[in-house]
Structure formats: structure tokens, C-alpha cells
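Scroll down for the structure; my scribbles are underneath it.
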Amino acid sequence: MKLFIRSATCISPQHTFGEGPYLKDVVIYDQPRLPVIEPDYKPFIDPKQSRRMSRVIRMGIAAAKEALQQANITLPDAIVTGTAYGCVEDSGNFLTRLIEMEEEMLSPTAFIQSTHNTVAAQIALAIKCHAYNNTFVHKSFSFESALMDAAMLLAEGEAKEVLTGGVDEITDINYAIFNRFNIFKKGDFKNTDLYNSNTSGTIAGEGAAFFVLGKEPAANDLARLDAFRTIYKPIDIKQDILKFLDEAGCPLKEVDLVLTGRNGDPRTDAPYDLLSSGLFANLPVANYKHLCGEYPVASSFALWLAAQIVSQGQVFPALAIQANVSPKRILIANNYQDKYWSLMLLSQC
């Protein structure tokens with residue numbers, strides 16, 4: 001079914017939160033790790049409560065509240081989130097204290113806040129929402145799983161507007177762990193050089209993106225999500241994309257822009273190279289992970305970006321696309337570790 005995006009907010013390593021203009025200039029980082037630009041949380045969270053919250057919880061609450069404000073909604077009918085890592089910082093703090101205190105006299109706060117559903121729960125507490133609340137932890141399919149749950153709630157008439165989001169953070173601990181597996185690039189590295197490098201690895205990212213989704217169109221909708229799909233270890237991604245577009249009733253020639261999840265690692269970018277020279281050869285193609293970095297729910301950033309593009313009818317200069325296009329339909333093709341593929345099709349309302 002088609003989902004109507006009432007509002008979309010994003011906290012990322014770029015200037016994407018609050019009032020625009022968004023992505024006017026690319027924020028350049030000289031390391032393979034892109035931390036989010038944190039907003040002023042005072043308008044969204046009481047300072048006394050904020051001090052007891054970890055960074056990822058503050059990000060989630062701020063992005064969620066801003067999405068609700070933009071949609072002029074006080075309470076959603078449901079809250080659904082997706083996260084792969086959950087509250088990593090609190091998990092690390094709890095385990096560190098567990099060792100330091102020799103498993104005695106531990107404060108339960110860090111443990112309580114370390115669970116994956118903490119962000120969604122804290123959002124519900126902050127806005128006093130007692131409705132349906134669910135969190136999906138399906139690695140790189142976490143955000144898409146949240147979208148699926150929201151779509152089913154809307155289709156079954158269980159909700160009229162659903163607050164849906166994806167959130168993940170990168171900390172010193174999990175960055176060091178991933179570095180042991182050569183997932184990230186080594187040494188000094190600028191995010192603007194991501195697609196010109198042939199070295200292995202990508203750049204670490206994080207972020208929180210939230211959307212208010214509805215079943216019926218409204219006057220101020222940003223965009224329409226026509227279809228989405230997840231594919232695990234595709235055998236022929238070209239045929240999967242063609243089938244996806246066919247089932248969505250959108251011929252390839254009607255796609256105005258393709259957003260790919262190219263992340264600068266030759267090992268996972270090879271399928272994009274084949275698509276760019278083949279299926280997408282005659283289409284404008286842009287990449288987005290030099291802006292947000294790579295993380296399991298980076299597709300939520302892509303959805304936010306695509307919604308902003310179709311609502312404004314123009315491509316942000318930060319995408320550095322050569323073609324002069326005013327996209328009305330955008331195809332998002334994202335992969336994580338060349339195993340978890342997701343496809344999304346957005347249209348102008």
C-alpha cells in the first residue's frame with residue numbers, strides 16, 4: 001500500500017535538523033567517523049531529564065517531537081522504531097561498571113536504558129502516548145521492518161498516523177570493535193573523498209530520522225512512499241529491481257533519480273558499478289553516504305533525503321549530481337555489506 005509522508009526530520013552529521021535550508025554546504029570530516037551534529041535539546045527535553053539520558057535517546061526524542069510538530073500532531077496512533085545497535089553507550093557503561101564493581105552494588109539505570117526499545121519507550125513517555133509501541137531489531141532491515149509494521153497498522157485500520165523512525169549511534173567501543181574487522185577506512189580520510197578512493201572500508205556514521213506516516217493523503221504531505229522491499233543476498237539485483245518497479249506500476253523510464261547506498265568500499269560497491277553502467281545507464285544517479293556515513297539504518301537518512309528532494313522539486317548541491325533534474329519519482333537502492341538490500345520508491349504528492 002502507499003504511505004503518505006506527513007513530515008520527516010533527521011539528525012545527522014550534516015545540517016539536516018530544524019528549519020532549512022538543508023545541506024547547503026557539506027560538513028567535511030577529516031576522519032572515517034562522522035558524528036551527528038547535535039541540536040539544542042532544551043526545546044524538546046527538560047534539562048534535568050536530559051542529563052540522565054544517553055545521546056541516542058536525546059537524538060530520538062528530539063527528532064520524533066520535531067516530526068510530530070511539523071505534522072501538527074500531538075499524539076500519534078502508534079510509535080514504531082527500528083535500530084540495529086540500540087543504546088550502545090548505555091550498554092558499554094553498564095558492562096564497564098559491571099567489571100569495575102566486580103558485579104556488586106551496580107546502579108540499574110544504565111542497564112534499564114541499554115535495551116533496544118528504550119528510544120521508543122522514552123518517546124512515548126515524553127509525549128504521554130499510551131498507544132501501540134514497537135521496536136524492530138533486524139540488523140540492516142530494522143528500519144524497513146518498522147515501515148512494514150506501520151504499513152500493516154495503517155492498512156488494517158489500527159492507526160491513522162504512525163510515528164516511524166530509525167536510529168543508531170556509533171561509540172568509541174563499537175567503532176574499535178568494527179575496526180578490528182577492517183570495516184572502516186584507516187588513518188585520516190575526508191568524507192568528500194569517499195567515492196574517489198579505492199581503499200577497502202567505508203566511513204562510520206550515525207543518525208536518527210523520524211517520519212509521520214498516514215494512509216490517506218493530506219494537504220501538506222511531503223511525499224508518497226509508493227512501495228518498499230527488502231532482499232537478502234540477492235542472486236540478480238537487476239531483475240529484482242525491475243520486478244519491484246513493475247509491481248509498483250512504475251516503468252524504469254519514469255524514475256527521475258536513483259539514490260544509491262554506495263559507501264566507498266570496493267567490496268560492496270561492485271553491484272552499484274554494474275547497475276550504473278547497465279540498468280541505470282540512462283538515469284541520473286546520486287550517492288548519499290558521504291553525508292551520513294555507513295550504519296545499519298542509513299536507509300532512513302536516504303528516505304528523509306528523498307522526501308525533501310521530491311517535496312522541493314530539486315536536488316541538493318551536496319549530492320554533486322551533474323544532471324539538471326527536478327525529480328518527481330525517486331528510487332532508493334541501498335545495500336549493507338552486500339547482503340541486506342532494500343528498495344524504496346517515492347513520488348511527489
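Looking across region 89-112 at every residue that is part of a helix (DSSP H, G or I) and of a type in the set (A, V, I, L, M), the one that is nearest to residue 55 (Cα to Cα) is identified as 110.
So which of 332, 235 is surrounded by 15 or more Cβ atoms within 10 Å (Cβ to Cβ) and outside the structural domain of residue 59 (by TED's automatic domain parsing)? Going through 332, 235 in turn, the sole match is 332. Here residue 167 clears all of (1) over 30 Å from residue 73 (Cβ atoms); (2) part of a strand (DSSP E or B) except the condition numbered (1). Please tell me if residue 73 is surrounded by fewer than 22 Cβ atoms within 10 Å (Cβ to Cβ) and either of a type outside the set (Val, Ile, Thr) or farther than 28 Å from residue 153 by Cβ (or both). For residue 73, the condition - surrounded by fewer than 22 Cβ atoms within 10 Å (Cβ to Cβ) and either of a type outside the set (Val, Ile, Thr) or farther than 28 Å from residue 153 by Cβ (or both) - is not met.
Scanning region 185-202 for residues that are in contact with a helix residue (DSSP H, G or I) (Cβ under 6 Å, 6 or more places away or on another chain) and not polar (S, T, N, Q) turns up just one, 194. Exactly one of these conditions fails for residue 288: (1) more than 18 Å from residue 209 (Cα to Cα); (2) touching a residue at least 12 places away in the same chain (Cβ under 8 Å); (3) of a type outside the set (S, T, N, Q). Give me its number. So residue 288 meets the others, but not (1). Looking only at residues of region 34-55 that are at pLDDT 90 or above and among the hydrophobic types (A, V, I, L, M, F, W, C), we find that the one that is nearest to the chain's Cα centre (by Cα) is 36. May I ask you to list the residues in region 32-63 that are of a type outside the set (A, V, I, L, M, F, W, C), within 20 Å of residue 171 (Cα to Cα) and part of a helix (DSSP H, G or I)? Within region 32-63, 50, 55, 58, 60 qualify.
Using the structure shown, decide if residue 291 is buried (at least 23 other Cβ atoms within 10 Å of the Cβ), closer than 18 Å to residue 9 by Cα and in contact with a Ser or Thr (Cβ under 8 Å, 6 or more places away or on another chain). It is true that residue 291 is buried (at least 23 other Cβ atoms within 10 Å of the Cβ), closer than 18 Å to residue 9 by Cα and in contact with a Ser or Thr (Cβ under 8 Å, 6 or more places away or on another chain).
Filter region 3-20 for residues that are out of contact with any Pro (no Cβ under 8 Å at 6 or more places or on another chain) and part of a loop (DSSP other than H, G, I, E, B); which is surrounded by the most Cβ atoms within 10 Å (Cβ to Cβ)?
Here is the first cut: in region 3-20, the ones out of contact with any Pro (no Cβ under 8 Å at 6 or more places or on another chain) are 3, 5-10, 12, 14-16, 19-20.
Subset that is part of a loop (DSSP other than H, G, I, E, B): 12, 14-16, 19-20.
Details: 12: 29, 14: 26, 15: 17, 16: 27, 19: 7, 20: 11.
Within region 3-20, the match that is surrounded by the most Cβ atoms within 10 Å (Cβ to Cβ) is 12.
Screening residue 172 on (1) surrounded by 13 or more Cβ atoms within 10 Å (Cβ to Cβ); (2) out of contact with any Gly (no Cβ under 7 Å at 6 or more places or on another chain) shows it passes everything except condition (1).
In region 43-54, the residues that are more than 15 Å from residue 87 (Cβ to Cβ) reach residues that are small (Gly, Ala, Ser) and surrounded by 17 or more Cβ atoms within 10 Å (Cβ to Cβ) with C-beta atoms within less than 6 angstrom, at least six apart or across chains, in these pairs: 44/62.
The values are calculated or read from the model by the stated rules, or taken from the named source; none is laboratory data. Only a predicted model underlies this, so the values are computations on that prediction, with no experimental measurement involved. Virtual Cβ from ideal backbone geometry, glycine too; neighbours counted across all protein chains shown.
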